[in-house]
1. Restricting region 382-407 to residues that are more than 26 Å from PHE452 (Cβ to Cβ) and among the aliphatic types (A, V, I, L, M), which is modelled with the lowest pLDDT?
2. So, in region 623-650, exactly how many residues are within 29 Å of VAL707 (Cα to Cα), of a type in the set (A, V, I, L, M, F, W, C) and part of a loop (DSSP other than H, G, I, E, B)?
3. Can you tell me which of (1) touching a residue at least 12 places away in the same chain (Cβ under 8 Å); (2) surrounded by fewer than 16 Cβ atoms within 10 Å (Cβ to Cβ); (3) farther than 25 Å from SER121 by Cβ is the one THR211 doesn't meet?
4. Would you mind listing the strands (runs of 3 or more DSSP E) fully within region 503-545 where at least 3 residues are surrounded by 15 or more Cβ atoms within 10 Å (Cβ to Cβ) and without any contact (Cβ under 8 Å) to a residue 60 or more places away in the chain?
5. Within region 160-172, is even one residue part of a loop (DSSP other than H, G, I, E, B), at pLDDT below 90, assigned by the TED database to the domain that holds THR260 and more than 27 Å from VAL123 (Cα to Cα)?
6. Of these, ASN348, ASN362, ASN358, which one is free of Cβ contacts under 8 Å to residues at least 60 places away in the same chain, closer than 16 Å to THR294 by Cβ and open to solvent by 30 Å² or more (accessible area, probe 1.4 Å)?
7. Need the failing condition index for MET122 against (1) free of Cβ contacts under 8 Å to residues at least 24 places away in the same chain; (2) crowded, with 17+ Cβ neighbours inside 10 Å, just the number.
8. Output yes when any residue across region 146-155 is in contact (Cβ under 8 Å) with a residue 60 or more places away in the chain, open to solvent by 30 Å² or more (accessible area, probe 1.4 Å) and part of a strand (DSSP E or B), and no when none is.
Amino acid sequence: MNRKRMRNLYAKEAVEFLNHVIEEKPLLPFLIPLGFFAWAIERWLVPFSNWIPMAFAVWATIEYGRFQRQLLIERMNRRWKQLILHSTPVTPLEPCAWLNKILMEVWPNYMEPKLSYKFSSMVERRLKDRKPKLIEKLELQEFSLGSCPPNLGQHGVHWVTLGEQSVMRLDFDWDTNEMSVLLLAKLAKPLMGTARIVINSIHIKGDVLITPILDGQALLYSFESTPEVRIGVAFGSGNGQTLPATELPGVSSWLVRILTETLAKMMVEPRRACFSLPSKDLRKKAVGGLISVTVVSASNLNLNSVKRNIEESPESSLVSSQSSVSLGNQIEQTFIEVELGNLSRKTNFSRSSNPTWNSVFNLVMHGDTGIIRFHLCEGGPSSVKLNYLSSCEIKMKYVADDSTTFWAIGPNSGVLAKHAENCGQEVEMVIPFEDTNFGELTVRLVLKEWQFSDGSVTMSSSSDGQFQSSIYGSSSMPLRTGRKLSITVVEGRDLTTKDKSGKCDPYVKLEYGKVLQKTKTVYHTTTPVWNQTFEFDEIGGGEYLKIKCYNAEKISDENVGSARVSLEGLLEGSCRDVWIPLEKANSGELRLQIQVAKNNAHEGYWNSSQRSFSAGWIELVLIEARDLIAADLRGTSDPYVRVHYGNLKKRTKVIYKTLHPQWHQTLEFPDTGSRLVLHVKDHNAVLPETNIGDCAVEYEMLPPNQVADKWIPLQGVRSGEIHVRVTRRIPEVQNKQKNSGRVSSLSKAHKISGKMREILKNYQGLVADGELEGLSSALSELESAEDAKEDYILSLEREKTLLVNKINDLGHEILRSSSSPSSLPY
């Protein structure tokens, strides 16, 4: 028995050795038959020679020795690793004063500007999404982290073993009074007005864990627990006067709560952020991507845990007794909801403890990082209530060497990390649900393309080229490019509706800049075909095309889904045919065909190198309005117009008790290409003012110094129009026109006087010669010249009268405006 066991052991070792040799020497299977053939020939010719078997034996002995040494090294490494994991999980503290010294040197000029720029947009977006009821509008005006960096590892650094991973732990202490974050807040009712919120100090203290992953290609970092956070806040009014902190109660605690929740959501164990260490830097900024997500299956779902979670849920009282009985008697149907930003998709339903879906979704990501969340829910296609069970997530990030890193929370709060070297490479991950012993989810991810700020795109090898123009990219173009965009809404598919009958009458709205277009309505289908083409003037600076799909209803149209697409970086003559997934919807895609071409009509003006917005100004004349809605109980309004042009705001006088006001006021703004918006308001001295309509004034395509006189309907109200005249004033052209007018006026005066002098000379000659017929004709010419002179003098008098009247009107305007109510802050 022992001999048989030993023979099996030797045979197994021989097979392992042979496999190792074949793996190390791929040509060996071809050389062995060749050696035996040479040995057979040699034995037949020279029977007493054995040099070939001896050489083979020596070679096999050497290779076997190498194999044994490699096995010994692997065994020692495993034993050392096991010893480290179980006997010495923590290394001694190591001082790192050198790290803080280096950080002090590089922080002011390198790290602080980069981090301030990176965090400013994140902070502004987060604060706007979570602003308190006390604040109506919030604007970030200044963001600086200050010149004092955080202290890292002040009490030393040591390595800790968590599971099978080595983690570096160091303390993090950031206490600075040099931070400068300025927020301008528009206060809500009943406070009203504006106020400044200044964050001048911050204190964050906690322990940071740093985990190397992917053989040192990236580092994951996070706080071991929720850190201690304190923020110093100062308050002031809109004009800079300092006010006590009690003016804005609860703002300090709100800021602390927002920062703490953000840290807990992004980088408190087991959630981690990633810092990549690429081998090369291509210096490209990713602005978006397209990823294909395949939800394969779930395994080892704990149904008892499912039932217990539902029964202990505070919402369990809302579940009907019938669903509770069915839950106890049979396995409920489960599905996965995939979420990336505002885009969400659902798989089909599956009734199993190990469900399989194999659902594929194409998701659009904005920015260079993204979080794909997977929510496990139960219910059925006809269920009224869907129960949330658990969730998990995968984070992804673009790396500067054109690769992509994926990471997630692994078993026992460990780390799962995968690396895709290029677009098109498939990555499969098995990630546990967040609840303990709940089950695992298997997904496959394929990053189809990355889009960059210069308009280029890195695509998978199956695409036509590695770098192409992308509809999701952006580029640094001027505000107006002088090109025409032709967008064709071709068709849609898999549109959803809340109607139980499944009836859907879809149509699409396109918004680009200030232009709004709408397709026709296609009735009774979820796969409509429109084939409608719309043209837009291309706008640079990252302007998005906003798409909204609606289901036409009798009372109120239902929002079927929306999406946004950046049209920057497109090449002239190119055509992109793409399917755009709808956000805020369970399913649905729209097919667009996008083309770009030169706008020849305005090419001479818009593409002129001499054209600049700062060269002129916008002259807006607010003349009158008609058919305004009644905002007061007496059936009238006290209307005035508030004009917004970029960051500039002006207003007209108030016309009391009328629905047909006349202002005749001229407002001027420097031509910066900003949007010109008119808000018609009803003035109230005590009560809040009422909005009685607004509109946008189109002026961008006006030729220089040409007046556009038009009636514009007011939006958001039943009726009302406003009469305006808008002119884009260009000084050079205007001066030429004025100079030409002056020259023509002076030439007319010189012409009249010269003609009269010639007639007088002829008259004197005719008198001396005594020609009577010539004298009569000369007198008639003199009379006509005198009439022209009188007409010219009358025209001068009329211009003088108009100028005097205009001066008088301006004086009355100044007196009237001084007696009208002062401008309120807004």
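1. Here the residue is VAL384.
2. Result for region 623-650: 2.
3. Here THR211 meets the rest and fails (2).
4. 506-512, 529-539
5. The answer is yes, given that some residue of region 160-172 is part of a loop (DSSP other than H, G, I, E, B), at pLDDT below 90, assigned by the TED database to the domain that holds THR260 and more than 27 Å from VAL123 (Cα to Cα).
6. Being free of Cβ contacts under 8 Å to residues at least 60 places away in the same chain, closer than 16 Å to THR294 by Cβ and open to solvent by 30 Å² or more (accessible area, probe 1.4 Å) holds for just one of ASN348, ASN362, ASN358, which is ASN348.
7. Just one mismatch for MET122, condition (2).
8. Yes, some residue in region 146-155 is in contact (Cβ under 8 Å) with a residue 60 or more places away in the chain, open to solvent by 30 Å² or more (accessible area, probe 1.4 Å) and part of a strand (DSSP E or B).
The values are calculated or read from the model by the stated rules, or taken from the named source; none is laboratory data. Please read all numbers here as calculations on a predicted model, not as lab measurements. With ideal geometry, Cβ positions are generated from the backbone for all residues, glycine too; neighbour counts draw on all protein chains shown. Ligands, DNA and RNA are stripped out before the accessible areas are found, and what is left, the full protein with its side chains, is counted by its heavy atoms. Shrake-Rupley method; radii C 1.70, N 1.55, O 1.52, S 1.80 Å.
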